[in-house]
Amino acid sequence: MSQPEIVQSVLGEEDVVSRVHLGGEDELFVTPTRTLVYRAEGLLSDESVDEFSHAAERLSVSEGRRKGKISLDYGLDGTKTIGLSVKRLDEALQPIIEGVLSAAGVIKDDESVVQSFRFSELTFVVAERRVVRHIGSAVWDEDYESYNYNDVTDLAFEDGSVATTVVLTVDGRQERFKIPNEEARIVREKLSKALCAHYDVGSLEEFRVMMAEQEEQEDAEDARDNTDFGKGPDPLSANPGELADEPANGTRAGEEAQQTESQTVEATSTGSATAETQSVQTPSKKVADASDLGFEASGFEPPSETADPSAELAAEVEALREVVEAQTEQLQYQQELIEQLIEELRRGR
């Protein structure tokens, strides 16, 4: 349908998103940023176009028996009013509310209003991605509340004798507000449909099932985060030879014992008395070191003065080797137990 020439000149390249017939040849044209009211030529006036920006701080409505008014308050720039028939009031108000909410950043530029409702001093706007609620004499001002569907985890309706309570669960808390029973059915339909469309589900029951599954998944992830020990304690995953306790000292003692053994054999072949004395004293020192490190349970005793030094050294090395191997097996067993425990905790057992 073509637009009057005077309207086209004012619109320029801006698109018309809504067009409302006001009676006679008068029309209302709504764009994303403003509303244009076209008055056709009459007996008392010429053809004209009035422009109303959507960048208003306050939107209010008043209505009488036959005439209604939509007022846009621009703060220091004053107030502009659109007069129209009460029969056309709601039809014209819907796109204007969408334009004002979009201009104020309450809804996104590409987000449309599904439907707006006015219940005495409660204005309830169902948009594609959120619900906007305002309480007061105005339809909208800066004192409003907005609930994004991304934060909604449940929606319920509680029937009453006079009014129905809408229960919206947002971020774990319930937002409750009452609507007249005669309007409850349409509100339930529009709000449920918008919420389900946002989550791409077919009904509120499917939406609740989805929310329950997401909650279970988040709880499981939190449990895994609280019990995640990484790759396990580094000291228990180290090689026994890298530890600073008994196994490392035992290994060094074995190496020194082998070196002493070669020295003792050489001293015996030359018949040196000094070497014999040294070969006897050295094993005794090593036995004391092993005792200090807690190797008493190995079962060996210090060699006697008349014992063969080579045999005693060999026995000492063998005893130390058995202790190291026992300690290594114990550490490996403990490491396996810890790794098994960590794996079970990660699986939430």
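Assorted remarks:
- Radius, Kirkwood style, for the range 48-138 when every pair of distinct Cα atoms is counted (Å): 13.7
- Local electrostatic count, Val17, Cβ distance below 13 Å [Lys/Arg +1, Asp/Glu -1]: -4
- Calculated log₁₀ intensity ratio I(q)/I(0) where the Debye formula runs over C-alpha points of the range 1-97, q = 0.11, 0.24 Å⁻¹: -0.31, -1.41
- Its residues counted as N, the range 109-205 yields a C-alpha radius of gyration over 2.2 N^0.38 Å of 1.03.
- Neighbour net charge for Asp73 - beta-carbon separation under 15 angstrom, K R +1, D E -1: -2
- Cα-projected label distance for His21 with Lys190, points at 7 Å along beta-carbon direction, nm: 2.3
- The alpha-carbon atoms of the range 129-181, seen along their principal axes, cover 33, 29, 17 angstrom, with the largest extent given first.
- From the alpha carbon centroid of the range 1-54 to that of the range 170-184 is 37 Å.
- Net charge of the neighbourhood of Arg34, taken over other residues with C-beta under 13 Å away and scored Lys/Arg +1, Asp/Glu -1, is -4.
Every number here is computed from the coordinates shown, using simple stated rules; none is lab data. This structure is a prediction, so every number in the text was calculated from the model and none was measured. With ideal geometry, Cβ positions are generated from the backbone for all residues, glycine too; neighbour counts draw on all protein chains shown.
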